[in-house]
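Each remark here refers to the structure printed beneath this line.
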Amino acid sequence: MRAFIKELASAGVQLRLEDGKLKLRSYTPGAEQPFLERIRAAREALIRHLQDSQATQPADAAAGQGGRMRPRADRGPRARTSFAQQRLWLVDRLEGGSLHYNMPMAVRVTGPFDIAVAEAAFARVVARHAPLRTVFEMDGNDTWQRIRDPLPLTLRRHDLRHLPADARDAALERLAEEDARTPFDLSQDLMLRASHVQCGDEEGVLLFNMHHIASDGWSMALLFREFAQQYDAIRQGLPDALPPLHLEYADFAEWQRNWLQGDVLVQELAYWREQLAELPPVHSLPLDRPRPEQPQFVGARSTWLIDRPMHERLRALALANQATLFMVLHTALCVLLSRHGAGSDIVVGAPVANRTQVDLEGLVGFFVNTLVLRVNLADGPRFIDALARVRDVNLQAQQHQDLPFDQLVEALNPVRSARHAPLFQIMFTMEAGPGGAQGAPATLGGVRLQVLPSPVVQAKFDLLVSATETDEGIALAIDHDVALFDASRIQGLGERFIQLLRAVCDHPVAPVHELPLLAPAEQRTLLHTRNATQAPALPEPTLTAAFEACAARHAGLTALFSEGCTLTYEALDAQANRLAAQLREEGVAADSIVGVYLDRGVDMLVAILAILKAGGAYLPLDPGYPQFRLAHMVEDSGLRWIVTEERLRRRAAQLGAPSNRPQVFCADEDLSAWPAQPPGVAVSPQDLAYVIYTSGSTGRPKGVMITHEGACNLAAFQRERFDIGPGDQVL
């Protein structure tokens, strides 16, 4: 039972006894779902084990993997920092006051709000939570936190009531942004500051800001709830009714430092090294713009709502597969990224509350850790099989969640770049905290508090995908780095995510690469609207007919000139007819491939037209190509004839295998004995016109075969689209 209880604790699920009954609490939404059947089956044994544990060590059942956390023996004002605090302190020192770890929150206040009562409520909160009045210092190479005595918190006051409505809104937005972008001095500031903006007689906005070194998302929700409780108590003249805290954040930091060393550290690192071996340095999701050398962290947010019926279907799918809603959404996100070009090795980060002991629930502090979740979809599994894979990845990662992310980065030592975050660049989160979402309103004796969306979106990652369960369904948001992605790209990504989730509910056993991503409207646009390219039939559907019609209309006009040689349409047509007659005599017919081993010039154009008039297809053989490439093209195409000129005859004759040399003709020899009239060959639009070889960048060069119909269609399109006529020149 002890091992099972620790497994539950690692996954964010706490078991405890109340009045002899088994109680369960999850720190993340639905974390208990994969364990419910096992808990039910072992219910009586779990109760007996918890009763025995309470008799010997009351809180042992609630302890995490590192054993029960206890207050420090010497609770002096100075204590060691946690590993996460140490990193943020060093980043702050290097960057001279980083703004990227500010945690702003705005709360609309409606009603008779009393600022003096609010300041007293904040004073109680600051006195209760030591991290809010902690400053940081260096002693040699060590980082220390120094906890100061309780201090009052004075709200900065701004009165905008004299401004017109539009100007007032703009001023409020400016104040919120200024506060969000004002750095903290970690060596002397309170780690919480607050302002009150008066917008109307009974309407205003509270601006909170905390530094991440003293807070996380759970702490922000806790702060909001406790401020509301203290405000209401002080307004009614009541004392502080909140239960005392048995631990401080500094106790957690001390426990972490003492526990995470020796064999424990070796075992934790061994798991992550195996899990993240040969990790891709950066995701391969296509970007709209090249990644800048120095990120600016400017983000934008797009939002959607997954309606309640689909929300319930997704929860049912999770329950049927002993998974959580987070795991279902995580699996779908992996499929979405893979289908959009991110490959099959999908890596995302996910925050974990890291409060696996009950005494940590009520603390403000930087507890959150980041897990690196790696999922491989290379074998194209069914969605439910991919979900099982994601479930295992999540559960194993949660069992090893105590290793701080920064230590993991240091141990793995990936290739570092200022251009992107290490190990992962895409984050997925489902926010949770005590008392529900931060956005839940509170009413305090006629004063209503409502958390507002943040006015500033920081792009700490390329993409941050977040999901929040609400009464209306699932609120889905994607924050993106505006330097990398266009808003339209993210809008399409979010819409396809919802479409994919709908498909998952309908076809959970379908292979992931077959699940439909496109909504009906987008499918119609791509398959029908953009493919509505019907055009009238071409008057001359073959290249030979098109040229001969042109030559008949413009017989005496110049057709081409090169290096002092000029030919009219009539002369060019006649010269090509004579060479075509010779080629016909030697066996060239429909779909015969004939090489053109010539430099650019009059003779090359004569040769191409002659091959087409003879019914054959030409294959360009550039004399400047390496010999091995020319030999491959000759052998691969199986051509039996080559048209060249006298000066290149010897080299042309050596192309191909010695036992099967192509026959060589020279376009610059005297052809006057051959007839100048067309050879009278019936050329079909479906006949081969030419073969062109690829560059070979993916391996050996490959020949692409083009018909007369395709070539004429392209020529007609270009002539119409670019309005090409006599006198135009085209590069």
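Here are the numbers for the structure shown:
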{"item": "Subset of region 463-476 that is modelled with pLDDT of 95 or more and more than 13 Å from L329 (Cα to Cα) - its residue that is surrounded by the most Cβ atoms within 10 Å (Cβ to Cβ)", "result": "L463"}
{"item": "Of all residues making up region 691-720, the number that are closer than 20 Å to G616 by Cβ and either in contact with a strand residue (DSSP E or B) (Cβ under 8 Å, 6 or more places away or on another chain) or part of a strand (DSSP E or B) (or both)", "result": "11"}
{"item": "Filtered residues of region 101-133 (kept if among the hydrophobic types (A, V, I, L, M, F, W, C) and closer than 30 Å to G76 by Cβ)", "result": "M103, A120, A121, F122, A123, V125, V126, A127, A130, L132"}
{"item": "Top-ranked residue in region 102-144 [being open to solvent by 30 Å² or more (accessible area, probe 1.4 Å) and basic (K, R); ranked as farthest from the chain's Cα centre (by Cα)]", "result": "R124"}
{"item": "Hits in region 372-388 (condition: closer than 13 Å to Q275 by Cα, touching a residue at least 40 places away in the same chain (Cβ under 8 Å) and open to solvent by 10 Å² or more (accessible area, probe 1.4 Å))", "result": "R374"}
{"item": "The one condition in (1) open to solvent by less than 40 Å² (accessible area, probe 1.4 Å); (2) under 30 Å from Q357 (Cβ atoms) that D240 fails to fulfil", "result": "(1)"}
{"item": "Residue count, region 157-188 (criterion: over 39 Å from the mean Cα position of the chain (by Cα) and basic (K, R))", "result": "2"}
{"item": "Test result for V205, over 19 Å from V109 (Cβ atoms) and β-branched (V, I, T)", "result": "no"}
{"item": "Residue match in region 340-358 (condition: of a type outside the set (S, T, Y), open to solvent by less than 20 Å² (accessible area, probe 1.4 Å), touching a residue at least 60 places away in the same chain (Cβ under 8 Å) and in a helix (DSSP H, G or I))", "result": "no"}
{"item": "Residue match in region 251-274 (condition: basic (K, R), over 30 Å from V335 (Cβ atoms), surrounded by fewer than 18 Cβ atoms within 10 Å (Cβ to Cβ) and out of contact with any Phe, Trp or Tyr (no Cβ under 6 Å at 6 or more places or on another chain))", "result": "yes"}
{"item": "A546 being surrounded by 13 or more Cβ atoms within 10 Å (Cβ to Cβ), among the small types (G, A, S), closer than 30 Å to L612 by Cα and in contact (Cβ under 8 Å) with a residue 24 or more places away in the chain", "result": "yes"}
{"item": "Looking only at region 652-685, and only at residues there that are more than 60 Å from the chain's Cα centre (by Cα) and of a type in the set (G, A, S), the one that is nearest to A614 (Cα to Cα)", "result": "G680"}
{"item": "Region 473-516: number of residues that are within 16 Å of W304 (Cα to Cα) and either small (G, A, S) or in contact (Cβ under 8 Å) with a residue 40 or more places away in the chain (or both)", "result": "23"}
{"item": "Candidates E635, E586, E570 - the one that is among the acidic types (D, E), in contact with a Phe, Trp or Tyr (Cβ under 8 Å, 6 or more places away or on another chain) and surrounded by fewer than 22 Cβ atoms within 10 Å (Cβ to Cβ)", "result": "E586"}
{"item": "Flag for I147 being under 26 Å from G362 (Cβ atoms) and open to solvent by less than 50 Å² (accessible area, probe 1.4 Å)", "result": "yes"}
{"item": "Region 676-731 - residue that is touching a residue at least 40 places away in the same chain (Cβ under 8 Å) and polar (S, T, N, Q) and, of those, surrounded by the fewest Cβ atoms within 10 Å (Cβ to Cβ)", "result": "Q677"}
{"item": "Residue in region 597-615 that is open to solvent by 30 Å² or more (accessible area, probe 1.4 Å), at pLDDT 90 or above, small (G, A, S) and on the phi > 0 side of the Ramachandran plot present", "result": "no"}
{"item": "Those residues of region 177-229 which are closer than 30 Å to A167 by Cβ, open to solvent by 20 Å² or more (accessible area, probe 1.4 Å) and touching a residue at least 40 places away in the same chain (Cβ under 8 Å), in sequence order", "result": "E177, R181, T182, P183, R193, Q198, D201, E202, E203"}
{"item": "Candidates L265, L276 - the one that is over 21 Å from D149 (Cβ atoms), touching a strand residue (DSSP E or B) at 6+ places or on another chain (Cβ under 7 Å) and among the aliphatic types (A, V, I, L, M)", "result": "L276"}
{"item": "Condition met for A332 (in a loop (DSSP other than H, G, I, E, B) and under 28 Å from R489 (Cβ atoms))", "result": "no"}
{"item": "Sole residue being in contact with a Ser or Thr (Cβ under 6 Å, 6 or more places away or on another chain) and at pLDDT 80 or above, chosen from R416, R448", "result": "R448"}
{"item": "Complete set of residues in region 57-101 that are under 36 Å from the mean Cα position of the chain (by Cα), over 24 Å from L371 (Cα atoms) and either among the hydrophobic types (A, V, I, L, M, F, W, C) or modelled with pLDDT of 80 or more (or both)", "result": "R93, L94"}
{"item": "Count - residues of region 173-228 that are of a type in the set (G, A, S), out of contact with any strand residue (DSSP E or B) (no Cβ under 8 Å at 6 or more places or on another chain) and modelled with pLDDT under 90", "result": "1"}
{"item": "Residue among A537, A519 that alone is under 21 Å from S684 (Cβ atoms), open to solvent by 30 Å² or more (accessible area, probe 1.4 Å) and at pLDDT below 95", "result": "A537"}
{"item": "Evaluation of Y618 against (1) of a type in the set (S, T, Y); (2) in contact (Cβ under 8 Å) with a residue 24 or more places away in the chain; (3) over 17 Å from E586 (Cβ atoms) (one fails), failing number", "result": "(3)"}
{"item": "V664 in contact with a Leu (Cβ under 7 Å, 6 or more places away or on another chain) and not aromatic (F, W, Y)", "result": "no"}
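Residues are listed down the side, and each one gets a yes or a no for (1) of a type in the set (D, E); (2) within 50 Å of the chain's Cα centre (by Cα):
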position	(1), (2)
A589	no, no
I593	no, yes
Y597	no, yes
V602	no, no
A607	no, no
A610	no, no
K613	no, no
D622	yes, yes
Q627	no, yes
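The values are calculated or read from the model by the stated rules, or taken from the named source; none is laboratory data. In this text, all values refer to a predicted model and were calculated from it rather than measured experimentally. Using ideal geometry, Cβ is built from the backbone for each residue, glycine included, and neighbour counts are taken over all protein chains shown. Keep in mind that these areas ignore ligands, DNA and RNA; they rest on the heavy atoms of the full protein, side chains included. Shrake-Rupley method; radii C 1.70, N 1.55, O 1.52, S 1.80 Å.
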